[in-house]
Structures are given as structure tokens and as C-alpha cells.
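Trainee: Got a structure for you, questions after.
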Amino acid sequence: MKLNRIILIEWSGLIYKAILLIILILIFMETYIGQLQLFAFGFIPGNDGCGWLLCNGQTLSISDYQVLYSLIGIKFGGNGSTNFALPNLNSGAAFFTSPFSQWYIAATGIDFPQQS
């Protein structure tokens with residue numbers, strides 16, 4: 001029994017370290033605006049302004065997300081004058097879906113280079 005407890009404590013320590021590493025990567029990684037990312041947890045990472053938005057088809061204001069709007073336009077919905085919609089990638093019809101992972105899009109980060 002004592003050995004099982006030790007193994008459980010070691011695994012919980014490894015899980016804690018893995019979660020901490022994921023959080024640090026999210027904080028310090030450079031992202032491009034419009035970048036799609038699959039995260040293996042069911043909450044919005046960096047909800048404190050880190051810039052990831054859940055790809056659930058939600059409508060956003062163009063004035064709040066001008067650069068993101070310039071990249072995706074009204075391809076996924078919206079009226080094009082005041083709002084636009086994000087893709088709905090978590091519906092189960094697109095890509096890989098799981099109850100423990102969700103698709104996000106970067107609303108802040110590095111702008112894509114401009115064509116000349």
C-alpha cells in the first residue's frame with residue numbers, strides 16, 4: 001500500500017509539472033494573429049487578456065478585433081459592417097474534437113507580414 005501511495009504522489013507531481021509547463025508556454029510563446037490552436041483542456045487559456053478566443057462561432061465586434069477581422073472577414077458569418085463571426089471548430093464536424101480539448105484562435109500576437 002505504501003508503494004502505491006508513493007507512485008500516486010510521484011504521478012500527481014508530474015501532472016502538476018506538466019500543467020505548469022503548459023501554462024508557461026502559453027504565457028511566453030509567440031503567436032500569430034489568426035493562429036488556430038488545439039488546447040487539451042476545457043477552459044479559455046489566458047482569460048486575463050492573453051488573447052485566445054474559443055472557436056465556437058461567436059460574433060465579435062469589428063472595432064474590437066480589427067486585425068483579426070482583416071484576416072478572416074465574414075467568411076464564417078457576421079454582417080461585415082459592425083461584426084464578424086469566428087469559425088465553429090468545436091462542433092464535432094470539423095477536425096479533431098474531444099470533450100477535453102477545444103480549438104482557439106489567437107486574437108492578439110504578431111501581425112502577419114504584408115504583401116507588397
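Trainee: I want to check the label-to-label distance for residue 36 and residue 59. Put each point 7 Å from Cα in the C-beta direction and report it in nm to one decimal.
Mentor: Calculated label separation equals 2.3 nm.
Trainee: Now, a different point. Quick one: if the Förster radius is 25 Å, what FRET efficiency do residue 16 and residue 101 give, using the C-beta to C-beta distance and rounding to 0.05? Let's see the in-between values first.
Mentor: On the way: r = 20 Å, r/R0 = 0.78.
In this case the efficiency is close to 0.80.
Trainee: Hey, can you grab everything whose amide H is under 5 Å from the amide H of residue 52? Only 5+ residues off in sequence or another chain; H modelled, so Pro and N-termini drop out.
Mentor: 107
Trainee: Report the FRET efficiency, 1/(1 + (r/R0)^6), for residue 75 and residue 111, where r is their Cβ-Cβ distance and R0 is 22 Å, rounded to 0.05. If you can, show how the numbers build up before the last one.
Mentor: Details: r = 19 Å, r/R0 = 0.86.
In this case the efficiency is close to 0.70.
Every read-out reported here was derived from the displayed coordinates using simple, explicitly stated rules and does not represent laboratory data. These figures come from a predicted structure and were not determined experimentally. Virtual Cβ from ideal backbone geometry, glycine too; neighbours counted across all protein chains shown.
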